[in-house]
Amino acid sequence: MSSPRPRRFDSPQQEVYLNLWRTYDRLRMIEDELFGQHDLTAQQYNALRLLKAEHPGTLPTLVLASRLVSHAPDITRMLDRLAQRDLVVRERMPDNRRVVQVGISPAGIALLAELEGPVRECHQRQLGHLPAQHLRTLVELLRECRRPHEAAESPWT
């Protein structure tokens, strides 16, 4: 007679959470490989992508931070790194010196154009094995998981 198998998880919620974490880790490794070749982080790429969507306009730093996929506790340092590479431009507002507007530079636009195909291939590598219906269902489930924890004005709600 075999002994009962020990429980691997304390609850179904813990099992789901740990599976989400593990999945994120595995998918992130693929993404890190791509962005590492261009001396970028996924967070920096996301900022450039958001700024390109506003081009030729700009965004206040804190608005940009609020639109990022993941929280950026030090948005200023991240933008410093992008500015050092001439991928973004920043301008302090003369009427309110605390507000800094951020825009994408021509070099930033060129880098995103260079990354367009490789990023598409990366996403295909990450999730291309899933059928379209599974992807739609997964998106719906993930939104439902986030809903009570997301600010009402979030672009992700």
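Tabulated results
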| read-out | value |
| --- | --- |
| The listed residue being of a type in the set (Val, Ile, Thr), surrounded by 10 or more Cβ atoms within 10 Å (Cβ to Cβ) and modelled with pLDDT under 95, out of Val99, Val88 | Val99 |
| Residue within the stretch 69-89 that is among the aliphatic types (A, V, I, L, M), under 20 Å from Pro155 (Cβ atoms), in contact (Cβ under 8 Å) with a residue 12 or more places away in the chain and part of a loop (DSSP other than H, G, I, E, B) present | yes |
| Ala110, sole failed condition from (1) of a type in the set (Gly, Ala, Ser); (2) touching a residue at least 12 places away in the same chain (Cβ under 8 Å); (3) out of contact with any helix residue (DSSP H, G or I) (no Cβ under 7 Å at 6 or more places or on another chain) | (2) |
| Filtered residue count, the stretch 110-149, keeping only those that are outside any helix (DSSP H, G or I) and either under 15 Å from the mean Cα position of the chain (by Cα) or of a type in the set (Gly, Ala, Ser) (or both) | 1 |
| Close pairs from the stretch 137-150: first surrounded by 12 or more Cβ atoms within 10 Å (Cβ to Cβ), partner assigned to a helix (DSSP H, G or I), Cβ under 9 Å, at least 6 apart | Leu138/Leu127; Leu142/Leu20; Cys145/Val16; Cys145/Leu20; Glu150/Arg143 |
| Residue that is buried (at least 18 other Cβ atoms within 10 Å of the Cβ) and among the β-branched types (Val, Ile, Thr), where the choices are Ile109, Ile75 | Ile75 |
| Hits in the stretch 45-63 - residues which are without any contact (Cβ under 8 Å) to a residue 40 or more places away in the chain and out of contact with any helix residue (DSSP H, G or I) (no Cβ under 6 Å at 6 or more places or on another chain) | Asn46, Ala53, Leu62, Val63 |
| Pairs where the first residue, in the stretch 1-22, is within 26 Å of Leu142 (Cβ to Cβ) and the second is among the charged types (D, E, K, R) and modelled with pLDDT under 70, C-beta under 8 Å, 6+ apart | none |
| Condition check for Met93: within 25 Å of Ile30 (Cβ to Cβ) and either in contact (Cβ under 8 Å) with a residue 60 or more places away in the chain or surrounded by 11 or more Cβ atoms within 10 Å (Cβ to Cβ) (or both) | no |
| Unique match (being within 25 Å of Met78 (Cβ to Cβ) and either at pLDDT below 95 or not small (Gly, Ala, Ser) (or both)) among Leu115, Leu135, Leu141, Leu130 | Leu115 |
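The values are calculated or read from the model by the stated rules, or taken from the named source; none is laboratory data. Worth saying up front: this structure is predicted, and the values here are computed from it rather than measured. With ideal geometry, Cβ positions are generated from the backbone for all residues, glycine too; neighbour counts draw on all protein chains shown.
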